Amino acid sequence: MSTIATMQRAETVIAHEMAHAIGPHIVGSLQTDPTPETVGMDQPSWVVEGFARWIDHMTRPGSADQGAAYVRRNRARYRPTDGIVPKNTGFYSDDPARTSFNYEIGAAFFYAAEKTSNRQKATDLYIALSGIPELTSLDRMFLDGNIRGVGIEPDRFWTTYKKLVT
Ligand SMILES: [Zn+2]
């Protein structure tokens with residue numbers, strides 16, 4: 001906590017950590033439920049951190065747009081090379097700018113859902129995606145199924161998402 005210099009920063013950190021604390025209770029968490037059927041089925045880090053970042057953006061007006069701008073500025077250097085979203089391996093990078101990029105591209109996903117529809121649908125999408133294994137979450141067809149499943153039209157979603165991150 002000694003690194004938190006301002007009240008604004010404290011509020012943001014608390015919102016982020018509260019999102020992590022509440023998140024597992026609104027879904028059946030895979031990570032905290034190490035039954036034999038779920039071993040090796042890691043939750044997607046981009047979903048977990050992206051959702052929490054999207055929540056902590058809400059503590060400051062304009063913050064979500066700044067996060068998306070960060071993705072656009074750093075896209076050439078840090079964009080996922082073999083998919084739409086970052087994999088768990090290397091998600092928490094030694095390069096803090098890369099880690100920030102990974103958080104923000106995840107947040108942009110939920111922000112796109114909010115902008116295309118609303119916050120409830122974006123949260124429904126988190127509930128759906130945090131219940132699937134990491135590898136599945138990297139698949140565009142599967143993402144489309146989940147986006148459609150919460151009542152958002154995938155083409156509209158991806159148009160909004162691409163505008164935010166490219
Ligand atoms: Zn976090």
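The values are calculated or read from the model by the stated rules, or taken from the named source; none is laboratory data. These numbers come from a predicted model, not from an experiment. So basically every Cβ, Gly included, is an ideal-geometry build from the backbone, and we count neighbours across all protein chains shown. Calculation scope for accessible area: heavy atoms of the full protein, side chains included, ligands and nucleic acids excluded. Shrake-Rupley method; radii C 1.70, N 1.55, O 1.52, S 1.80 Å.
Overview of values
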| item | result |
| --- | --- |
| Test: residue in the range 115-128 that is open to solvent by less than 20 Å² (accessible area, probe 1.4 Å) and over 23 Å from Ile22 (Cβ atoms) | yes |
| Complete set of residues in the range 144-164 that are part of a helix (DSSP H, G or I) and either at pLDDT below 95 or open to solvent by 20 Å² or more (accessible area, probe 1.4 Å) (or both) | Asp144, Gly145, Asn146, Arg148, Gly149, Asp155, Arg156, Thr159, Thr160, Lys162, Lys163 |
| Count of the range 79-113 residues which are free of Cβ contacts under 8 Å to residues at least 40 places away in the same chain and open to solvent by less than 10 Å² (accessible area, probe 1.4 Å) | 1 |
| Qualifying helices (runs of 4 or more DSSP H) (wholly inside the range 1-97; at least 2 residues being at pLDDT 80 or above and closer than 20 Å to Lys163 by Cβ) | 45-57, 63-78 |
| Residue ID - surrounded by the most Cβ atoms within 10 Å (Cβ to Cβ), chosen from residues in the range 46-62 that are within 15 Å of the ligand (Cβ to nearest atom) and among the small types (Gly, Ala, Ser) | Gly50 |
| Scan of the range 66-76 for residues that are touching a residue at least 24 places away in the same chain (Cβ under 8 Å) and open to solvent by 40 Å² or more (accessible area, probe 1.4 Å), ordered by number | Tyr70, Arg72, Arg75 |
